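Participant: One structure, pasted below without further comment.
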Amino acid sequence: MRIAQVGLGAWGANLVRNVDVLAELTWICDSSSERREQLARRHPGARATESVAELLADPELEAVVVATPVPTHYALAKQALEAGKHVFVEKPPTMRAAEMEELVELSERSGLVLMPGHLLLYHPGVRKLKQLVTTGEPGEVLCIYGNRQNLGTIRKDENALWSLGVHDLSVILHLIDEEPSETWAQGNAFLNPGVEDVVFCFLRFPSGKIAHLHLSWLDPHKMRKLTVVGRDKMAVFDDMELERKVTIYEKWPEQKAETFGEWQTRTGDILSPKIPSEEPLRLELEHFLRLVRGGASGSEARDGLAVVRVLERLQDALTRTSS
Ligand SMILES: NC(=O)c1ccc[n+]([C@@H]2O[C@H](COP(=O)([O-])OP(=O)(O)OC[C@H]3O[C@@H](n4cnc5c(N)ncnc54)[C@H](O)[C@@H]3O)[C@@H](O)[C@H]2O)c1
């Protein structure tokens, strides 16, 4: 399969390394000549260009990976779809729900794959969480909260909601399989004016489940954690752990008739299932290639649209309330 990659920055370099192993990397493209030259040395089989139009004109090219800054995603993904190429676009795929809707419709009309790069959905730890929730092991899910904090990376063209929150939101919507009926966000831009670096979000879902996110690049703790609280068990996905990526706590509240309705807490085993240590990025790109071979997306593009819709609602709340 012949693939081009547009955007060869810090993250793009990881993507292109995998693309070159999994498919035929025929083009690499970046507006920076320095990045083009650096990556051309590592990927000598690919033609390097600064022109997206030039690579899209290649009739043998089947798919394009877009890993440029977020504000450019929509235009580049649209250009590639209009040229008849399948598209993998880094997260968040667009900055507005209307733009993502347009891309989804365009891809569906043209029978092309459009896959947003929601990396965590391909993480074996998150797959385990999804399996737990689907089989009902934690019982009814009551609430989920995410912690995505660190000191840095301090970005200028995406705030903490769009840069960090997009990861947790993609997983929460995937686990709960509903869109929230209520969204609330507050935060502050302490470092770069207009770019919120500390954000708190709250979501309430039609089923009554609730979720919370703490997103920050101004924090002493490096945390990459999602906690799922069920009625019977609780599960934690902690991406900072090397071995215990998922921990299941047999902890639950119980009401016994003889205690006249009083709640008591019960504690059982604490378990860590084995999680394969495969690179999530490799798994994500393999999934994209499978979709391209099959000639159509599954629910990936529409799931990505739901994520952008919720991000947009949270951003509206953030803009109203933050300073
Ligand atoms: N999935 C993840 O875990 C993850 C992690 C980091 C970044 N990302 C995403 O990956 C994308 C890229 O992030 P990054 O950290 O590599 O950014 P970066 O700023 O390091 O790199 C972006 C590159 O795109 C190039 N570029 C900009 N506009 C271009 C254009 N119109 N045509 C061609 N090249 C262009 C720049 O010269 C630069 O080399 C972003 O969407 C980001 O959100 C995803």
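Participant: Which ones in region 261-302 are farther than 24 Å from V16 by Cα and part of a helix (DSSP H, G or I)? Give the derivation first.
Facilitator: Step one: list which residues in region 261-302 are farther than 24 Å from V16 by Cα, which gives 261-275, 299, 302.
Residue satisfying the conditions is R302 alone.
Participant: Now for a separate question. Among the residues in region 230-253, are any of a type outside the set (V, I, T), assigned to a strand (DSSP E or B) and over 18 Å from I144 (Cα atoms)?
Facilitator: no
Participant: Same structure, new question: From the list G194, G230, G152, which residue is at pLDDT below 95 and over 19 Å from the mean Cα position of the chain (by Cα)? Steps first, answer last, please.
Facilitator: Working: G230 fails: at pLDDT below 95; G152 fails: over 19 Å from the mean Cα position of the chain (by Cα).
Going through G194, G230, G152 in turn, the sole match is G194.
Participant: To continue, here is another question. Output the number of residues of region 57-103 satisfying the condition of being surrounded by fewer than 22 Cβ atoms within 10 Å (Cβ to Cβ), hydrophobic (A, V, I, L, M, F, W, C) and in contact (Cβ under 8 Å) with a residue 24 or more places away in the chain.
Facilitator: 7
Participant: Name the pairs: first residue in region 249-265 and among the hydrophobic types (A, V, I, L, M, F, W, C), second residue surrounded by fewer than 10 Cβ atoms within 10 Å (Cβ to Cβ) and not in a loop (DSSP other than H, G, I, E, B), Cβ to Cβ under 9 Å, at least 6 apart or on different chains?
Facilitator: W252/T265; W252/T267
Participant: When region 17-39 is examined, which residues are found to be assigned to a strand (DSSP E or B) and more than 9 Å from the ligand (Cβ to nearest atom)?
Facilitator: If the condition is that a residue be assigned to a strand (DSSP E or B) and more than 9 Å from the ligand (Cβ to nearest atom), then E24, L25, T26, W27, I28 are the ones that fit.
Participant: Determine, yes or no, whether E54 is within 13 Å of the ligand (Cβ to nearest atom) and not in a strand (DSSP E or B).
Facilitator: Yes: the conditions hold for E54.
Participant: May I pose another question? Among what's in region 207-221 and is among the hydrophobic types (A, V, I, L, M, F, W, C) and in a strand (DSSP E or B), pick the residue that is surrounded by the fewest Cβ atoms within 10 Å (Cβ to Cβ).
Facilitator: That would be L218.
Participant: Ok, one more. Of the conditions (1) within 21 Å of the chain's Cα centre (by Cα); (2) more than 9 Å from the ligand (Cβ to nearest atom); (3) of a type outside the set (A, V, I, L, M, F, W, C), N14 satisfies every one except a single condition; which number is it?
Facilitator: (2)
Participant: Working carefully through the options R224, R204, R231, find the one that is buried (at least 18 other Cβ atoms within 10 Å of the Cβ) and of a type in the set (D, E, K, R).
Facilitator: R224 is the lone residue from the list that is buried (at least 18 other Cβ atoms within 10 Å of the Cβ) and of a type in the set (D, E, K, R).
Participant: Now a separate question. Please go through region 104-128 and give me each residue that is among the charged types (D, E, K, R), in contact (Cβ under 8 Å) with a residue 12 or more places away in the chain and more than 21 Å from E278 (Cα to Cα), ordered by number.
Facilitator: E108
Participant: Identify all residues within region 40-50 that are more than 9 Å from the ligand (Cβ to nearest atom), within 21 Å of V87 (Cβ to Cβ) and surrounded by fewer than 16 Cβ atoms within 10 Å (Cβ to Cβ); write none if there are none.
Facilitator: The answer is R47, and nothing else.
Participant: I want to confirm something. Restricting to region 20-39 and keeping residues that are surrounded by fewer than 16 Cβ atoms within 10 Å (Cβ to Cβ) and of a type outside the set (V, I, T), which single residue is nearest to A4 (Cα to Cα)?
Facilitator: Here the residue is E24.
Participant: Please state which one of E278, E284 is surrounded by 12 or more Cβ atoms within 10 Å (Cβ to Cβ), under 16 Å from the mean Cα position of the chain (by Cα) and within 16 Å of the ligand (Cβ to nearest atom). Please lay out each step first, then the result.
Facilitator: Working: E278 fails: under 16 Å from the mean Cα position of the chain (by Cα).
None of the others qualify; the one that does is E284.
Participant: Next question, about the same structure. Restricting the search to region 131-166, which residues are within 12 Å of the ligand (Cβ to nearest atom), of a type in the set (D, E, K, R) and not in a strand (DSSP E or B)?
Facilitator: Scanning region 131-166 gives R155, K156, D157, E158.
The values are calculated or read from the model by the stated rules, or taken from the named source; none is laboratory data. The structure displayed is predicted, hence computed values, not measured ones. Positions of Cβ are generated from backbone atoms using ideal geometry, with glycine treated the same way; all protein chains shown enter the neighbour counts.
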